[in-house]
Amino acid sequence: MIEATYNSLLGRQNETQMRMATSQSDITVIDPAKNLGQAPIGPNVKGTKLSIIAGLLCLPLLFILIGELLDNKIRNIKELLSATKIPLLGVIGNNSNENMLTVLEQPKSSVSEAFRGVRANVRFLSGENGKSKTILVTSSIGGEGKTYVSINLASVLGLSDKRTILLGMDLRKPKIFGDFKIDNKYGISNYLTGEVSLEQIINKTNIPNLDVATSGPIPPNPSELLMSQRNVKFLEELKDKYDFIIIDSPPVGLVADSYELMKYSDANIYVVRHEYTEKYMLKMITEKYHKGEIEHLGLVYNDYNTKQGYGYGYGYGYGYGYGYFDEDKNYKEPLLIRIRNKARSILSKK
């Protein structure tokens, strides 16, 4: 029994020795490794960190660039003139007042001076064709400042000893009366329906030569009233009494009333607001102007509030002559705007 166990163990020993002999590695170390102080080949931790940081920085820039490419708002005078090719009458700075009476309350401000520039340039727009001038003010949509421009242009004319009347012909959205503290119980809508006389709707202001006729209550048929023969006779009658008639008309992007009123005006002012008006809104008025359907049209760039102004002075400017504007040669467009314009030009070529 002991002998059999001994032989079994010898057999297992022989098997183990053979197994170890067959599994022995044939790799021979020629020269042992040396530490030369070199960094590991991989992973490249520093390069990976830089790539992640660059990606995180480029991502917001990419979103900003895409936003700029999709942005269609008018943000500078170059964009406005290139989009319309319509003469520019003046640039109005940001209104810091709580109300719209900037010319009356701040007559020495740069904004008031800008309105005087618009008054001067309107002469070149309409020409000296009689003692009366009918100036219509409109815009693409509400909120661009057409009423603000109308009020202050009328104030400038009234202060220059010209008999002026301001007409609130935006019958759908009556304004004006609040700034001049006038009762809007009776207005142009009442006169056009025959309810009141002309004298009842004309209101005096603090400026001796400036009168105001407010819109009155909102009528159910504003378009029909504005296009009626009674309104035409109304304007003709006012021409005999006043040197200038300023019409605050409805926005052309919403209704077509202003296009009809332009047939009876000597000059037309189209208000564009800085960083508010979008380029597509100007397409209709631009096409009508270049087709000759609208004459004596000029632009006013409103609410311009950048620190790098145009013309002279801060935040405003105006040109001398018909459609001319002296641009600051030192002005440079923001980098993102330049990148956007460059990208658009490349895409348009493709």
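Rule-based calculations on the coordinates, nothing more; no lab input. Keep in mind it's a predicted model, so treat the numbers as computed, not measured. Neighbour counts are summed over all protein chains in view; Cβ atoms, including those assigned to glycine, are modelled from backbone coordinates with ideal geometry.
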Practice problem: Determine the dipole magnitude for region 75-326: charges of +1 sit on the beta-carbon of Lys and Arg, -1 on that of Asp and Glu, nothing else is charged, the reference point is the Cα centre, and the result goes in debye to the nearest 20. | Solution: 320
Quiz item: What are the residues whose amide H is under 5 Å from the amide H of Arg273, where those residues sit 5 or more places off or on another chain and H is modelled from the backbone?
Solution: Asn302
Quiz item: How would you rank Arg273, Arg163, Arg19, going from fewest to most other Cβ atoms within 10 Å of each one's own Cβ?
Solution: Arg19, Arg163, Arg273
Quiz item: Say the cut-off is 23 Å between C-alpha atoms; which of Lys85/Lys108; Lys133/Lys279; Lys146/Lys283 go over it?
Solution: Lys85/Lys108; Lys133/Lys279
Quiz prompt | Order of Ser140, Ser110 - criterion: other Cβ atoms within 10 Å of each residue's Cβ, fewest first | solution = Ser110, Ser140
Quiz item: How large is ³J(HN,Hα), in whole Hz, for each residue of region 100-111 in order, when computed from phi with the Karplus curve 6.51 cos²θ - 1.76 cosθ + 1.60 and θ = phi - 60°, using x for Gly and Pro?
Solution: 9, 8, 5, 5, 6, 8, 9, x, 9, 6, 5, 5
Practice problem: Order the peptides 73-81, 6-14, 235-243, 287-295 from the highest to the lowest mean number of other Cβ atoms within 10 Å of their residues. | Solution: 73-81, 235-243, 287-295, 6-14
Quiz item: Where does region 239-308 land on the Kirkwood hydrodynamic radius, alpha-carbon pairs, in angstrom?
Solution: 13.7
Self-check item: Highest to lowest packing among 195-204, 211-220, 94-103, scored as the average C-beta count within 10 Å
Solution: 211-220, 94-103, 195-204
Quiz item: Counting other C-beta atoms within 10 Å, which of Met227, Met1 has the fewest, and how do the rest follow?
Solution: Met1, Met227
